[in-house]
Amino acid sequence: MNPAHYVDGTFLHDEAGAATFPLTDPVDGTVRGKVPEATRETVNRAVAAARTALEKGWGRGSTQERAAALHRIADGIQQRFAEFVDAEVADTGKPRDLAATVDIPRAIGNFRSYADLLYGRPERAHTTEIPGWSTGTGEALNYTVRRPLGVVAIISPWNLPLLLLTWKVAPALAAGNAVVAKPSEETPSTATLLAEVIHAAGLPAGAFNLVHGHGTDAAGAFLTSHPGVDAIAFTGESATGSAIMRGAAAHLTPVSFELGGKNAALVFADADLQAAVEGTVRSAFTHSGQICLCTERVYVERPVYEEFTAALAERARALTGYGPMISAAHRDKVLSYYRLAVEEGATVLAGGGVPHFGDARDGGFHVEPTVLTGLPQHARTVQEEIFGPVCHVAPFDTEDEAIALANDSRYGLAATVWTRDLSRAHRVPPRLENGIVWVNCWNLRDLRTPFGGIKDSGIGREGGEYSLDFFSEPVNVCVRI
Ligand code: NAD
């Protein structure tokens, strides 16, 4: 497929003289299409179309109408499910069953869950009543009206392309905003299919717009520094978040950021060790470690350290069928960390290099699932986000030490605690400096719960009401009686 921009209800295919860039298959390195690079003019048109859609009444209709529209979008994805799976697999190289059981169903779930949230509470997006009488100078009735923010820019990454895009698009539309979205330049295909589905669902022209292109000094930056944008919802690297914030600062544009992580798992000696090993195989190696929630640091209580580490390494060495890194550049970055780990003194218990398949995949961007030990806590490999299939395992002696090690990070996205001690299971999570703590599980998600990170891992929370709070503004109305 050759992705297209979608602006003001129209798909822009092959604009005369427009620049394009190649779309590469990460499985074998071949070029499989071309992507249009949005100019500043295209971004300006998209922002203007979004504003016009709001002026013409998008966002002022009833919440039931918007809930119905969200369900139509979910239906549209469902009807074209196989096409969406194909496109996601082609862009990312991820295993098909991952796309078919996680990415695409979650995208559908994102639209349905916000539709249900709106429909169940028809008043939510517009009027939350706070009973309140009297002021110092007389009787009054106060109530709160929730209004949309206006034109919202949504910038998404390549690792879970449709899932993370729709995680923001659904609540933004639910709250009555008009959207201009830019997916990652690496993964434009399912975003284009989503635009087709939204078009078919009959949303008014300009309520949803899509532009493709790069980030720095390109479509992403044009959009996030645009004076006509009222809010920015971004998922990606922490350094990109800083860059976007600098551009947004000029117009004091509010931001919601889901950023990087260097997530820790704490394995206590009282844990179900087999479950902890299997859980860590999942949390470290799912999607070849290219999920923001993936575990890259594992701390294991000393009495079970050797047994756990040996079992994890054995499982890592036995993994097959894993997908590639998203690009040659990302593969090179991950491999540079594998080399750095050795320079920093790591013992490589599993992986550490590039697999050889003896087929077309050898032209792609795979790296081996890797288990490291022996690094000091301050090593760059232990401190910096690698975003590949790699984790470092280190021992600890006390609960306090485990918590201190987990918290010794500039990031604060997610942590996992493995224990059968009920008190510990409740005592440890609030002491961990993270937005999300899983106990005896990983990435078990209820879409209504707050999702996000602290420290360099993000600003704000998304999920359920938390997203609707970001994507709408409470207005106090005070009526003198
Ligand atoms: P990235 O920051 O390189 O790119 C993300 C998006 O930002 C892309 O669409 C890109 O084009 C755009 N962009 C880049 N520079 C920009 C700029 N100056 N202005 C505006 N837009 C710009 O991230 P990535 O490599 O696509 O994704 C991987 C990163 O995302 C990892 O750090 C990962 O931890 C993080 N992530 C976080 C979460 C979360 O929920 N916290 C989820 C997934 C991924």
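Look at the alpha carbon pairs under 8 Å that are at least 6 residues apart: their mean separation over the length of segment 314-424 gives a relative contact order of 24 percent.
Averaging the sequence gap over all C-alpha pairs within less than 8 Å and six or more residues apart, then dividing by the number of residues, gives the chain a relative contact order of 19 percent.
As a length-normalised measure over Cα pairs under 8 Å and 6 or more apart, the relative contact order of segment 199-272 settles at 26 percent. Counted over all Cα-Cα pairs of segment 329-403, pairs farther apart than 16 Å make up 51 percent. Across the protein chains, with a 1.4 Å probe defining accessible surface, the residues Arg51, Arg448, Arg427 rank Arg448, Arg427, Arg51 from largest area downward. The separation of segment 165-183 from segment 1-55, counted between C-alpha centres, amounts to 17 Å. The simple spin-label model puts a point 7 Å past each Cα toward its Cβ; for Ala200 and Val354 those points are separated by 4.0 nm. Helix 63-79 versus the longest principal axis of the chain: what is the Cα-based angle in degrees, 0 to 90, to the nearest 10? Relative to the chain, helix 63-79 is tipped by roughly 50 degrees. Here segment 263-446 is treated as a Stokes sphere of Kirkwood radius computed over C-alpha pairs; at 25 °C and 0.890 mPa s its diffusion coefficient rounds to 150 µm²/s. If each Cα of segment 200-349 is one equal point scatterer, what is log10 of I(q)/I(0) from the Debye formula at q = 0.09, 0.12, 0.16 Å⁻¹? Log10 I(q)/I(0), no solvent term: -0.47, -0.73, -1.00.
If the chain linking Leu319 and Gln274 were pulled fully straight, counting 0.36 nm for each residue of separation and taking away their Cα-Cα distance, it would gain 14.6 nm.
Projected label points at Cys441 and Thr101, each 7 Å from Cα along the beta carbon direction, are separated by 1.5 nanometres. With a ≥ b ≥ c taken as the square roots of the eigenvalues of the C-alpha gyration tensor of the chain, please select rounded if a/c is under 1.5 and otherwise prolate if a/b is larger than b/c or oblate if it is not? Verdict is oblate for the chain.
Between Arg147 and Ile481, the FRET efficiency estimated from the beta carbon spacing at R0 = 30 angstrom works out to 0.80.
The helix-only estimate of mean residue ellipticity at 222 nm for the chain, built from DSSP H runs of length n ≥ 4 each weighted as -39500 (n - 2.57), is -11500 deg cm²/dmol after division by the residue total. Assuming charge only on the beta carbon of Lys and Arg (+1) and of Asp and Glu (-1), the dipole of segment 263-446 about its Cα centre is about 420 debye to the nearest 20. To the nearest ten degrees, helix 238-249 and the longest principal axis of the Cα atoms of the chain are 20 degrees apart. Per residue, the solvent-accessible area of segment 181-278 (1.4 Å probe, heavy atoms of protein chains only, all protein chains present) comes to 30 Å². Listed by chain and number, the aspartates and glutamates whose C-alpha is less than 12 Å from the C-alpha of Lys168, apart from same-chain residues fewer than 8 away, are Glu258, Glu462. Summing Cβ point charges (Lys, Arg +1; Asp, Glu -1) relative to the Cα centre of segment 199-286 gives a dipole of roughly 240 debye. Tell me, which longest segment in the chain has none of the GluC sites (Glu not before Pro) that fall in DSSP loops with at most 13 further Cβ atoms within 10 Å? Formally, the longest exposed-site-free interval is 130-481.
Taking 0.36 nm per residue of sequence separation and removing the Cα-Cα distance, the Asp362/Arg431 pair yields an extension gain of 20.4 nm.
Between the helical axis of 40-55 and the longest alpha-carbon principal axis of the chain there is an angle of about 50 degrees.
The values are calculated or read from the model by the stated rules, or taken from the named source; none is laboratory data. These numbers were taken from a predicted model, which means no experiment stands behind them. Heads up, the Cβs are rebuilt from the backbone with ideal geometry, glycines too, and the neighbour counts pull from every protein chain shown. Surface accessibility is based on the protein's heavy atoms, side chains included, excluding ligands, DNA and RNA. Shrake-Rupley method; radii C 1.70, N 1.55, O 1.52, S 1.80 Å.
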